Each structure stands twice: as C-alpha cells, then as structure tokens.
Amino acid sequence: MAAEDEVRQASDRFYAALSRMCNGDSGPMMALWSHGADVTALHPLGERGEGWEQVRPQFEQVGAIASSGQVRLREQLIRVGTDLAYEVGVEEGEITLAGEKVAINQRATNIYRLEGGEWKMVHHHSDLSPAMNDRLSRLQPPQ
C-alpha cells in the first residue's frame, strides 16, 4: 500500500475517534496518538498540550461533557515524507456540549509520524472555536 493511502487511513481513524469523542467516548483516541513527550495539540478551545500526559486529559475532558456529535474533514490535502506526514483541511460537523449543540467549522493541521510501521498522530491543530469557548464559559462558575 502506498504511504499516502496509509496516512489517509490514519486520518480516517482519527476522525472516527474524534466523532466517538463527540459522543462521549474518548477511548478510541488514545490508540491513535504517539505517547511521547514530544506530541503537541492546539485545540479549538485554545488550550495547548505538550507531551502525551497533557494532550490525553484534554481529549478526556471534552469526551466527559460531549454527546451527539460528529466531525469530518473536507478539503483534505496530504503530503508524505519518509517518516513524517501532514494533512490540512477543514473540520466540519457538530458537537453537543453539556446539552447544547455547537457547530464545528475550522481549519485543521495534523502531523503523523511512522512508528513501528504505523502512522501515529504527533500533532493536531485547529482554529479557535468561539462557539465552543462561549458554551464552556457558561458552564464555569463566575470568579
């Protein structure tokens, strides 16, 4: 199988796991990521995670309050090197956060690394989501 097809399959698994997280199940996300100290994520909520120990809980937190949602990637562009690959596109869909539907429409970049013959996610970056941030700010008590 061509490397680009392998990366496309890794991407399909990532967006299936992201949709599962949007339905309250962050478990499938854990197997897709490299678990090293060098992984990073810039989430639509504005948080930056550095290292698997920071990235993992961010997905778990969203999964804990999410239900009834899905995310797709459109306008996908994949570029593959020897052991690194990236894709860019536009994430779209919706997520229900603590009972309120929020639209998803943001640019995204994903970086994959070949580890043990498998393409693993090492970086995910998406635009900020004012709608998600607004919803979450209303869940937190005033300070």
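The values are calculated or read from the model by the stated rules, or taken from the named source; none is laboratory data. Just so we're clear, the structure is a prediction, and the values are computed from it rather than from any experiment. Here the Cβ is made from the backbone with ideal geometry for all residues, glycine too, and neighbour counts use every protein chain on show.
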Those residues that are small (Gly, Ala, Ser) and either crowded, with 18+ Cβ neighbours inside 10 Å or touching a residue at least 24 places away in the same chain (Cβ under 8 Å) (or both), I need them from segment 1-26; list them, please.
-> Ala3, Ala10, Ser11, Ala17, Ser19, Gly24, Ser26
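For segment 32-45, enumerate the residues that are surrounded by 12 or more Cβ atoms within 10 Å (Cβ to Cβ) and part of a loop (DSSP other than H, G, I, E, B).
Our first condition is that a residue be surrounded by 12 or more Cβ atoms within 10 Å (Cβ to Cβ); within segment 32-45, this holds for 32-36, 39-45.
Of everything in segment 32-45, those that are surrounded by 12 or more Cβ atoms within 10 Å (Cβ to Cβ) and part of a loop (DSSP other than H, G, I, E, B) turn out to be Leu32, Ser34, His35, Gly36, Val39, His43, Pro44, Leu45.
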In segment 104-138, which residues are of a type in the set (Lys, Arg), modelled with pLDDT under 95 and either surrounded by 15 or more Cβ atoms within 10 Å (Cβ to Cβ) or on the phi > 0 side of the Ramachandran plot (or both)?
-> Arg135
Here the qualifying pairs (Cβ atoms under 9 Å; residues six or more apart or on different chains; first in segment 106-126 and over 15 Å from Val55 (Cβ atoms) and in contact (Cβ under 8 Å) with a residue 60 or more places away in the chain; second among the aromatic types (Phe, Trp, Tyr) and assigned to a strand (DSSP E or B)) come out as Trp119/Tyr112
Hits in segment 65-103 (condition: modelled with pLDDT of 95 or more, β-branched (Val, Ile, Thr) and part of a strand (DSSP E or B)) | Val71, Ile78, Val80, Val88, Val90
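One line per residue, one yes/no per condition, for (1) charged (D, E, K, R); (2) touching a Leu at 6+ places or on another chain (Cβ under 8 Å):
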residue	(1), (2)
Ala17	no, yes
Asn23	no, no
Pro28	no, no
Ala31	no, no
His35	no, no
Val39	no, no
Arg48	yes, yes
Trp52	no, no
